[in-house]
Amino acid sequence: MTYSSLRPFLEALRSNGELIVIDAPVDPVLELAEIHRRVIDLEGPALLFTNVKGSTFPVVTNLFGTARRVDLAFGPRPEQLVSQLIGSVDTLLPPSLSALWGQKGMFMDLMKVGFKKVTADRAPVLQVSRTDKPLAGIPAITSWQEDGGPFVTLPLVYTEHPEHRKRNNLGMYRMQVFDDHTTGMHWQIHKGGGFHYHAAEQRNEALPVTVFLGGPPSLIVSAIAPMPENMPEMMLASLLMGGKLPVADNPLGGHRIPAEAEFAIVGRVLPHERRPEGPFGDHFGYYSLQHDFPVFHVDHVWHRKDAIYPATIVGKPKQEDYFLGEYLQRLLSPAFPMAMPGVRSLWAYAETGVHALAAAVVRESYSREALGTAFRILGEGQLSLTKFLMLTDRPLDLANFPALLETILERFDPFKDLFIFDQTSHDTLDYTGSRLNHGSKAVLMGVGDPIRQLPGQYEGGPIPGIHSVKAYCRGCLVVEGKSYADDPELGSRLSEQLSAEGCPWPMVVIADDANIANSQTDFLWATFTRFNPAADIYAEREVSRHHIGYKLPIVIDARMKPGYPDELFPREDIVELVDRRWKEYMQTSGWRG
């Protein structure tokens, strides 16, 4: 089933026992977020808060916080259609009447994709207009105690290229609310809206911006889809919805607005204006720090007369964004081999904040073809921000990271299959690099037949400087010693010592807590968000013909380093408040977790 707006989706959640209503008064500053986090940790339902302090608007969160709710939102049809589209390339080229006729159902579906213009009286989002203090009473959420203020956390930010209006972008960029008229606009590097703003600045022009809140679930998920540049996300929303997206002209001028949205925030971002934004507890599980970002000046706001404000809370994985990201990877993965012929399958790991780690199954039809495919992946859109890329030619489920890592560790030759590139771009939210947006990358390949057997249980003796040792998977040890601040040279000493001893473990990860070896989520998060390849990978090496060849083991120092942002923890008094009021929140729903 597909949904034309947020309303029928909420009704479907309610009828399936996937929505609870909280009528008790709740503060949008910290309290609401802590309730949300508890429920999502318990794989609980979506939450509709009807009594949010300081606002007349109800707030809905955790809409997509389980795989079941994602399936309820979109069903199997979009994945089936994308697979059919990709598969039809072989049957339709060269085209024939019989082949075209055989795909008539697909063409009928494609004819439904696009926009349907409706009049203002048939656009619920245009029921109420606010021009005086347009942001007053918007229940923006403060999720973490060190956040710079309240943030709009589920904004669908629409922009058009100033020179090519048909090149539009729908992205999700957090917005810190500064006052009743202005917010921040957190355009990170390599984001479509940021490209449009750069073009506008080159012309010394303001960039018109319209921010939608709510609407069809397909509209929300499309805003975070890793679409190729210049491919409109709004068309993906229509494809997922299974029909043309209703839009209406803005009576006050500006972009067209999805008729079924809950809110439309309309304004402009002036050229060359910046303002400190943040900190913000983000999906990496740490605070992103305060930096200067563009400023969004709000001219007016449209909303339904009974508008519901959608929000999300981010933090350490797994949060709501994890389940949306997993769905989008399943949806779009059939397209990767078409865009990159050497790629069989590809997966980015949401447990690491997405850009910190990606893996691919690739073709190796001739020696070193995989390396060329690595460069192809690292040159593709947002994949160019990948920090650590792993490749194999063995077919496997990339979501099963231990199986992937064992497959690679059995096969990789450290002298020729590990590449580290310094002085590269870095995800804006990844603070392991030398400065904002700057860091390094690594490529680790394991193709062909196995060249070693991997140990599965540590049977060695004590390791100097190490007081805990655990195996994460065959071939990979996690070790714990002193903190980085107390022993910054541990990685260097360990690689030298273990190499001299002929350590049979190809990879050793130094962690602040060896217990991260107990789960995939903990291992991925605490490892790949805490090291910069060029600075924190240690191995004995030799240089020949400008190539650095490494020797085993490869030691990764994934301890917290000085200068890293703080890990996210809720404030103790808020934890105690939510403990004390828990039964009050849930008294009308009957849900106890």
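Observations on the model:
- A convex hull fitted around the alpha carbon atoms of region 537-581 yields 124 Å³ per residue.
- In loop segments of region 33-85 as defined by DSSP, the GluC sites (Glu not before Pro) with at most 16 further C-beta atoms inside 10 Å of their C-beta are Glu43.
- Dividing the helix sum by the residues of the chain, where each DSSP H run of 4 or more adds -39500 (n - 2.57), gives a mean residue ellipticity at 222 nm of -8000 deg cm²/dmol.
- Shape call, the chain: gyration tensor on alpha carbons, a/c limit 1.5: prolate
- Debye equation applied to the C-alpha atoms of region 32-76, log10 I(q)/I(0) at 0.15, 0.28, 0.29 Å⁻¹: -0.42, -0.97, -1.01
- Rg over Rh for region 341-381 works out to 1.01, using Cα positions for both radii and the Kirkwood form for Rh.
- The distance between label points at Glu205 and Gln497 comes to 6.3 nm (points 7 Å beyond Cα on the Cα→Cβ vector).
- Restricting the GluC sites (Glu not before Pro) of region 215-307 to loop positions (DSSP other than H, G, I, E, B) with no more than 14 neighbouring Cβ atoms within 10 Å leaves Glu229.
- By definition, a body whose alpha carbon gyration tensor gives a ≥ b ≥ c is prolate when a/c is 1.5 or more and a/b is larger than b/c, and region 290-389 fits this prolate description.
- Between Val118 and Asp422, full extension at 0.36 nm per residue minus the direct alpha carbon distance yields a gain of 104.2 nm.
- Whichever aspartates and glutamates have a C-alpha closer than 18 Å to that of Lys112, once near sequence neighbours (fewer than 8 apart) are set aside: Glu79, Glu233, Glu260
- Relative frequency of Cα-Cα separations exceeding 20 Å in region 198-270, percent: 38
- Once the Cα gyration tensor of region 493-565 is diagonalised, semi-axes √(5λ) in Å: 24, 15, 10
- Once exposed loop trypsin sites (Lys or Arg not before Pro) are cut out (DSSP; at most 10 other Cβ, 10 Å), longest piece of the chain: 306-544
- For region 356-466, the percent of C-alpha pairs falling in each 10 Å distance bin, counted from 0 to the bin holding the largest distance, reads 13, 39, 31, 15, 2.
- Residue-span extension gain [Asp71 to His546] - 0.36 nm each, minus C-alpha spacing: 165.9 nm
- Think of each Lys and Arg Cβ as +1 and each Asp and Glu Cβ as -1; about the Cα centre, that makes the dipole of region 313-435 roughly 160 debye.
- Residues in region 464-479 carry Karplus couplings, in order, of x, x, 10, 10, 8, 9, 9, 8, 7, 8, 4, x, 10, 9, 10, 10 Hz; the curve used is 6.51 cos²θ - 1.76 cosθ + 1.60 with θ = phi - 60°, and Gly or Pro positions show x.
- Integer Hz, Karplus 6.51/-1.76/1.60 couplings in order for region 205-212, x for Gly and Pro: 10, 6, 9, x, 9, 10, 10, 9
- Backbone amide hydrogens, once placed in the peptide plane, bring Ala46 within less than 5 Å of Leu19, Ile20, excluding anything fewer than 5 places away on its chain.
- What a 1.4 Å probe finds exposed on region 130-180 is 41% carbon and sulfur by accessible area, rounded to a whole percent.
- Under 5 Å, built H, 5+ apart or other chain: amide partners of Thr142: Val29, Leu30, Phe151
- Charge dipole (debye, nearest 20) of region 454-593; +1 at Cβ of Lys and Arg, -1 at Cβ of Asp and Glu: 440
- Dipole magnitude for the chain: computed about the Cα centre from +1 point charges on Lys and Arg Cβ and -1 point charges on Asp and Glu Cβ, it is near 1740 debye.
- Surface composition of region 450-593: carbon plus sulfur atoms contribute 47% of the solvent-accessible area (1.4 Å probe, protein chains only, all chains present).
- Portion, in percent, of the accessible area of region 189-286 that falls on carbon or sulfur, probe 1.4 Å: 54
- Averaged over its residues, the chain has an accessible area of 41 Å² per residue, based on protein heavy atoms and a 1.4 Å probe.
- Whether region 179-239 is rounded, prolate or oblate, judged on the alpha carbon gyration tensor where a/c under 1.5 counts as rounded: oblate
- The antiparallel fraction among DSSP beta bridges confined to the chain stands at about 70%.
The values are calculated or read from the model by the stated rules, or taken from the named source; none is laboratory data. Model, not experiment: these values are computed from the prediction. Neighbour counts run over all protein chains shown; Cβ positions are idealised from the backbone, glycine included. For accessibility, only protein heavy atoms count, side chains too; no ligands or nucleic acids. Shrake-Rupley method; radii C 1.70, N 1.55, O 1.52, S 1.80 Å.
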